[in-house]
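Colleague: I have a structure here, written as structure tokens, and I will follow up with some questions on it.
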Amino acid sequence: MKVLMFGWEFPPKIYGGLAVASYGITKGLSLQGDMETTFCLPKPCGDEEKFLNIIGMNQVPLCGVM
């Protein structure tokens, strides 16, 4: 199963409770074995965990925007 999640923080950047909750959810999903999790962040730092796919929204091209 594929899971797509959006958030504005993920460890090691922790500003509040969202990073901790996001980590717990994605780590739990990864332990299921049949999950492929993609987490979208505004600007990842590159030191995030490797058990999921991290997409930086700052790297997604905007198609058709003038």
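Colleague: Hey, could you check region 15-49 for residues that are in contact with a helix residue (DSSP H, G or I) (Cβ under 7 Å, 6 or more places away or on another chain) and assigned to a loop (DSSP other than H, G, I, E, B) and say which is farthest from residue 60 (Cα to Cα)?
Modeller: Applying the filter and picking the extreme gives 35.
Colleague: Return the residues of region 50-66 that are assigned to a loop (DSSP other than H, G, I, E, B) and buried (at least 16 other Cβ atoms within 10 Å of the Cβ); say none if nothing qualifies.
Modeller: Correct list: 52 only.
Colleague: Could we say that residue 2 is touching a strand residue (DSSP E or B) at 6+ places or on another chain (Cβ under 7 Å) and exposed (fewer than 12 other Cβ atoms within 10 Å of the Cβ) here?
Modeller: yes
Colleague: Could I ask something else about it? Please enumerate the residues belonging to region 22-47 that are farther than 16 Å from residue 3 by Cβ and either surrounded by 14 or more Cβ atoms within 10 Å (Cβ to Cβ) or among the aromatic types (Phe, Trp, Tyr) (or both).
Modeller: Across region 22-47, the qualifying residue is only 44.
Only the coordinates and a few stated rules stand behind these numbers; no lab work does. In this text, all values refer to a predicted model and were calculated from it rather than measured experimentally. Glycine also receives a Cβ, built like all others from the backbone with ideal geometry; neighbour counts cover every protein chain displayed.
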